[in-house]
Ligand code: GLN
């Protein structure tokens, strides 16, 4: 059996250069060469996982099938290499120290003084090879979060240095840096790249590839200069210049032969294929044949699209596959009241309410769900978006005017959304929600069944509250259909309103399973319905 190969991504100069996208893009190219690829992220912060962090701090929390709350880069990895990853794919310093300290308490270190080197670095090294997937990976790509020179990332860099020492011919180091363009002098500057490479070499790692983030393609001379000063081959200096979309990045890297350089270094055979489907997807995205559809995303983090990253990407996947463009209108739920909701939502073709926690902006979300229902605008509710749709239906269709979720009003006389039994008495916040993949039975002759065309589906969850089954019959008698139910415990997973062009809401997070070439059925159906809705609006206008 051929040996597994390892590719490490480090970052230099500044953060937020898109290391995750770069790693995921390389994953696309190597997968396309026929290799079984997996990608993992090592995050140097001390939180055990990002689940307890504010979306302002960390953007979206991505959830894996096995119920791990992870960094949003895992979402990019899954979407790009079209593979479900696991808790072994996102390691934090917090996790590593937690395990080391537990081992120390158990006495596993047999009287040794426990130290960063070797105990923490050994723990990190063992995670590089331990990816938990059933299949053996030909290539493991490891992204080290943060930038070279950060104090907190040092144990990780030291661990990969040692790993390289132990697996010399099987490792490649890619260093992603910034090559800024100075408008005033009209030139690219390579000094920051030289400095961060020097920093990396001081810790004992010689990069094999320098990936230069720049806002325009780099010419040959600049690449030669970086090559000379950073001691890499000229063909190993690759420009990762600004792209029209993140999905263009694999194509940009492929044009410059990044996969060829990697295969040569690792002694892998190159069996080029043409990325035809990926190219078609990108082409559709940039050149849609249909008019754009305007989707309102109603949330409380409206300036930060990273907070709803997978939702936005899922909309893009659905749009490209239905040949249209998505225009997103960010609507702050705190601005929505009964007298303002129309002015905010009367120009959109679809309303999407994503997941969320806490009371802020809840009333506005209920208003938005109501407006979409009453004005027959396609609606997609995700997790909290299902809960607010239930609250609206209870209040305004079933006449339970004081219906609420106990998350927002613990004393409501009509708790249509209540705490799950398994959540009673849970006090710790970290990793204690209903997390990860659960089955859902799909009722026949429903829109859900038309969309999935399957009787049993598996979707990922992240919530503490659920639909209160005591209210099921009253809602059914008013026309709501419960089309998806978890067979294990009868939890409501999907509701739909058949008396509406498209009113679908689910307790799970479908956005975690959408892929560029396989858009998620709920998003696909939603975008199709929004397209049809634009059409009817235009007809009305013409008349
Ligand atoms: N806050 C709600 C709950 O915990 C919804 C969670 C979510 O939207 N992810 O059930």
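The values are calculated or read from the model by the stated rules, or taken from the named source; none is laboratory data. The structure presented is a predicted model; accordingly, all values stated were derived computationally and were not measured. As a convention, Cβ positions derive from the backbone with ideal geometry for all residues, glycine included, and neighbour counts pool all protein chains shown.
Under the condition of being in contact (Cβ under 8 Å) with a residue 40 or more places away in the chain and within 13 Å of the ligand (Cβ to nearest atom), the residues counted in the stretch 385-409 number 9.
Of everything in the stretch 489-500 that is under 17 Å from residue 464 (Cβ atoms) and outside any strand (DSSP E or B), the residue that is modelled with the highest pLDDT is 491.
The residues in the stretch 445-470 that are away from the ligand (no atom under 16 Å from the Cβ), within 16 Å of residue 406 (Cβ to Cβ) and either touching a helix residue (DSSP H, G or I) at 6+ places or on another chain (Cβ under 9 Å) or modelled with pLDDT under 95 (or both) can be counted, and the count is 0. The single condition from (1) over 16 Å from the mean Cα position of the chain (by Cα); (2) without any contact (Cβ under 8 Å) to a residue 12 or more places away in the chain that residue 57 fails is (1).
Listed by first and then second residue, the pairs with beta-carbon distance under 7 Å, at least 6 apart or on different chains, first residue in the stretch 339-358 and under 21 Å from residue 409 (Cβ atoms) and touching a residue at least 60 places away in the same chain (Cβ under 8 Å), second assigned to a loop (DSSP other than H, G, I, E, B) and within 16 Å of the ligand (Cβ to nearest atom), are 355/383; 355/509. Just one of the listed residues (348, 442, 388) is buried (at least 18 other Cβ atoms within 10 Å of the Cβ), farther than 21 Å from residue 488 by Cα and in contact with a helix residue (DSSP H, G or I) (Cβ under 8 Å, 6 or more places away or on another chain), namely 388. Looking for whichever is surrounded by 17 or more Cβ atoms within 10 Å (Cβ to Cβ), under 26 Å from residue 21 (Cα atoms) and modelled with pLDDT of 95 or more here; the options are 268, 315. Which one fits? Going through 268, 315 in turn, the sole match is 315.
Would you say residue 173 is within 31 Å of the chain's Cα centre (by Cα) and surrounded by fewer than 20 Cβ atoms within 10 Å (Cβ to Cβ)? No; evaluated as a whole, the condition is false for this residue. Among the candidates 236, 296, the residue that is crowded, with 21+ Cβ neighbours inside 10 Å, more than 30 Å from residue 531 (Cβ to Cβ) and in contact with a helix residue (DSSP H, G or I) (Cβ under 9 Å, 6 or more places away or on another chain) is uniquely 236.
Determine, yes or no, whether residue 422 is farther than 21 Å from residue 350 by Cβ and at pLDDT below 95. So residue 422 fits the description; yes. Taking residue 152, is it surrounded by 14 or more Cβ atoms within 10 Å (Cβ to Cβ), under 32 Å from the mean Cα position of the chain (by Cα) and farther than 26 Å from residue 234 by Cα? Spelling it out, it is not the case that residue 152 is surrounded by 14 or more Cβ atoms within 10 Å (Cβ to Cβ), under 32 Å from the mean Cα position of the chain (by Cα) and farther than 26 Å from residue 234 by Cα.
Residues of the stretch 410-426 that are within 15 Å of the ligand (Cβ to nearest atom) and out of contact with any strand residue (DSSP E or B) (no Cβ under 8 Å at 6 or more places or on another chain): 410, 421, 424, 426.
Yes or no, residue by residue, for (1) part of a helix (DSSP H, G or I); (2) within 26 Å of the chain's Cα centre (by Cα); (3) under 28 Å from residue 526 (Cα atoms); (4) at pLDDT below 95:
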site	(1), (2), (3), (4)
386	yes, yes, yes, no
392	yes, no, yes, no
398	no, no, yes, no
404	no, no, yes, no
428	no, yes, no, yes
438	no, yes, yes, no
